[in-house]
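Enquirer: Pasting a structure below so you can have a look.
The values are calculated or read from the model by the stated rules, or taken from the named source; none is laboratory data. As the structure is a computational prediction, the values presented were derived from the model and not from experiment. Note that each Cβ is placed from the backbone with ideal geometry, even for glycine, and that neighbours are counted across all protein chains shown.
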Amino acid sequence: MVHPNVMAESSTEPVGLWLGLQAGAFLGLYFGFSLALVSALTSPDELMRIVYLITLFPLAGGILLGPFLAKRERPVASSTPPIQRTMETLEGMDEGQGKWRILSHVRSDGRTVRIDLHDSSRVEDILRLTNPLTNEFPVRYMVGRGVGGSRQPELRAKVLSILDDQFPKTRQSRYTSAIEISPELPEKLRNQRKRINLLLAIFLPIATFLGWLEMR
């Protein structure tokens with residue numbers, strides 16, 4: 001049997017030129033908008049320069065950064081929709097009309113699967129079956145607010161105690177009425193994201209400052 005970490009490390013693919021162009025254009029838009037804001041504050045009469053900054057930099061960012069960003073890696077998406085994978089995994093867990101059922105308690109926006117754990121007498125079984133799916137796509141467990149006036153107030157604490165034993169805090173996102181578990185990125189992707197974030201944190205403020213000096 002192949003170790004899950006080995007599978008995770010190999011299940012990546014290049015981002016692709018189209019997404020690379022979009023990402024480059026977005027960075028260019030951020031830079032152009034920053035300079036346009038500076039221009040609007042310092043020279044509000046230069047309307048054409050503001051339009052020029054907002055339109056030129058996204059185009060330049062896409063052309064210059066797109067091919068570079070296209071080579072970045074991303075996890076390979078499964079050909080099976082998350083909602084289908086979840087329903088197949090939970091087959092046989094229906095408890096009857098008016099109680100917990102897959103059709104009424106499992107939803108998806110195409111990427112994240114939302115599982116409402118209310119009305120279920122088999123919460124532990126649902127968590128046990130669906131926790132492995134969090135290695136493939138985000139799973140959001142609807143558990144309520146966990147306060148006295150909420151529905152099944154004990155549910156949130158119960159689910160949290162189980163998830164805390166199985167997942168690090170870095171993979172958990174806690175919302176008012178839900179707890180989401182996200183896939184763990186392979187080490188290669190984590191390092192790649194750190195490098196890109198570091199470069200952006202250094203380059204964008206410096207470039208914005210130099211642009212501001214040029215427009216003074």
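Enquirer: Among the residues in segment 138-148, are any β-branched (Val, Ile, Thr) and under 14 Å from residue 88 (Cα atoms)? I'd like the intermediate steps shown before the answer.
Expert: The initial filter retains those residues of segment 138-148 that are β-branched (Val, Ile, Thr), namely 139, 143, 147.
Narrowing further to those that are under 14 Å from residue 88 (Cα atoms): none.
Looking through segment 138-148, none of the residues is β-branched (Val, Ile, Thr) and under 14 Å from residue 88 (Cα atoms).
Enquirer: Which condition number does residue 170 fail, the rest of (1) surrounded by fewer than 15 Cβ atoms within 10 Å (Cβ to Cβ); (2) touching a Lys or Arg at 6+ places or on another chain (Cβ under 9 Å) being met?
Expert: All conditions pass for residue 170, except number (2).
Enquirer: Within segment 51-89, take every residue that is modelled with pLDDT of 85 or more and touching a strand residue (DSSP E or B) at 6+ places or on another chain (Cβ under 7 Å) and give me the one that is surrounded by the fewest Cβ atoms within 10 Å (Cβ to Cβ).
Expert: 87
Enquirer: Can you tell me which residue in segment 88-144 is farthest from residue 176 (Cα to Cα), limited to those that are of a type in the set (Ser, Thr, Tyr) and not in a loop (DSSP other than H, G, I, E, B)?
Expert: Let us first name the residues in segment 88-144 that are of a type in the set (Ser, Thr, Tyr), namely 89, 104, 108, 112, 120-121, 130, 134, 141.
Applying the additional criterion that residues be not in a loop (DSSP other than H, G, I, E, B) yields 89, 104, 108, 130, 134, 141.
Working: 89: 27, 104: 21, 108: 19, 130: 21, 134: 20, 141: 11 Å.
So the residue we want is 89.
Enquirer: So which residues in segment 148-179 are over 23 Å from the mean Cα position of the chain (by Cα), closer than 20 Å to residue 107 by Cβ and not in a loop (DSSP other than H, G, I, E, B), if there are any at all?
Expert: 155 - this is the single residue of segment 148-179 that is over 23 Å from the mean Cα position of the chain (by Cα), closer than 20 Å to residue 107 by Cβ and not in a loop (DSSP other than H, G, I, E, B).
Enquirer: Next question. Of all residues in segment 109-131, which are of a type outside the set (S, T, N, Q) and touching a residue at least 40 places away in the same chain (Cβ under 8 Å)?
Expert: Step one: of segment 109-131, the residues of a type outside the set (S, T, N, Q) are 109-111, 113-119, 122-129.
Within segment 109-131, 114, 117, 129 qualify.
Enquirer: Now for a separate question. Could you tell me which numbered condition residue 132 fails, if it satisfies all but one of (1) within 20 Å of the chain's Cα centre (by Cα); (2) surrounded by 14 or more Cβ atoms within 10 Å (Cβ to Cβ); (3) within 21 Å of residue 160 (Cβ to Cβ); (4) of a type outside the set (Val, Ile, Thr)?
Expert: Answer for residue 132: the failing condition is (2).
Enquirer: Can I ask one more? Can you tell me which residue is farthest from residue 205 (Cα to Cα) among those in segment 9-62 that are polar (S, T, N, Q) and in a loop (DSSP other than H, G, I, E, B)? Step through it out loud before you land on a result.
Expert: Taking segment 9-62 as the starting set, the residues that turn out to be polar (S, T, N, Q) are 10-12, 22, 34, 39, 42-43, 55.
Keeping just the survivors that are in a loop (DSSP other than H, G, I, E, B) gives 11, 43.
On the way: 11: 34, 43: 21 Å.
Of everything passing the filter in segment 9-62, 11 is farthest from residue 205 (Cα to Cα).
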